[in-house]
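This report refers to the structure that appears directly beneath it.
The values are calculated or read from the model by the stated rules, or taken from the named source; none is laboratory data. Values in this document were obtained by computation on a predicted structure and should not be read as measured data. Glycine gets a Cβ as well: all are built from the backbone with ideal geometry, and neighbour counts include every protein chain shown. Surface areas here come from the heavy atoms of the whole protein model, side chains and all, with no ligands, DNA or RNA. Shrake-Rupley method; radii C 1.70, N 1.55, O 1.52, S 1.80 Å.
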Amino acid sequence: MLTFHGAWRITVLTRDADFEQRAVVRGPHGTRVVPGRPGATLEVDEDTWTLALEHLAWGRTWEPNQRTTTGPLTDHAGLRSRLLTSSDRHFPGKPLDYPNLVLRLDQPTTALRALRPVGAPMTPAAPTAPRAIRTTSSAASYGRPTETRPAASDG
């Protein structure tokens, strides 16, 4: 089980396993589950929370994956990222670091977090309505090409 602090977005990148996979987030605001299917995401913003990667072996209950490896923390264009790879079970002949489930965790850098009120979601707010919208057009120009003329030259 891994411990994190603050706002992070969890994204499932790949799943290569015979068993179902999932990521379980536990924090003060409850337990949430990210299904182990590529593209699944969850945004978490809590002071302290944990992440556990689990698999569902046939005929059993959810069990913790046997190995989770955290990649280096990278910082690019105002976003910190870290890859997590996980191996669910060990079988004879299976490499110990075989990645059954791969997640990417993204966190805005401190500068970006300062722009967001504490407790506000990481997702961007809906755009505000424009102040004015043109709703009519000239019937003469609607659907017809506009004639272009070369610019006058001072020559």
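Is it fair to say G78 is open to solvent by 20 Å² or more (accessible area, probe 1.4 Å), at pLDDT below 95 and touching a helix residue (DSSP H, G or I) at 6+ places or on another chain (Cβ under 8 Å)?
Yes; evaluated as a whole, the condition is true for this residue.
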Does N65 satisfy being touching a Ser or Thr at 6+ places or on another chain (Cβ under 6 Å), over 26 Å from H5 (Cβ atoms) and modelled with pLDDT of 85 or more?
no
Against the definition (open to solvent by 20 Å² or more (accessible area, probe 1.4 Å), among the hydrophobic types (A, V, I, L, M, F, W, C) and touching a Lys or Arg at 6+ places or on another chain (Cβ under 6 Å)), how does L13 come out, yes or no?
yes
Please go through (1) within 21 Å of Q107 (Cβ to Cβ); (2) open to solvent by less than 30 Å² (accessible area, probe 1.4 Å) for V33 and return the number of the only condition it doesn't satisfy.
(2)
Only residues in the range 38-65 that are touching a residue at least 24 places away in the same chain (Cβ under 8 Å) and open to solvent by 60 Å² or more (accessible area, probe 1.4 Å) count as the first member; pair them with residues that are acidic (D, E) and assigned to a strand (DSSP E or B), Cβ under 8 angstrom, at least 6 apart or cross-chain, and list the lot.
W62/E54; P64/E54
Cβ-Cβ distance below 8 Å, separation of 6 or more or different chains: which pairs start in the range 15-30 with a residue that is closer than 11 Å to D88 by Cβ and among the small types (G, A, S) and end on one that is open to solvent by less than 50 Å² (accessible area, probe 1.4 Å) and assigned to a strand (DSSP E or B)?
A17/H55; A17/L101
Odd one out for R37, checked against (1) outside any loop (DSSP other than H, G, I, E, B); (2) at pLDDT 90 or above
(1)
Just to be sure I understand the filter: pairs with C-beta atoms under 6 Å, separated by 6 or more residues or on different chains, first member in the range 97-110 and over 17 Å from A40 (Cα atoms) and modelled with pLDDT under 85, second member open to solvent by 70 Å² or more (accessible area, probe 1.4 Å) and in a strand (DSSP E or B). Which pairs pass?
none
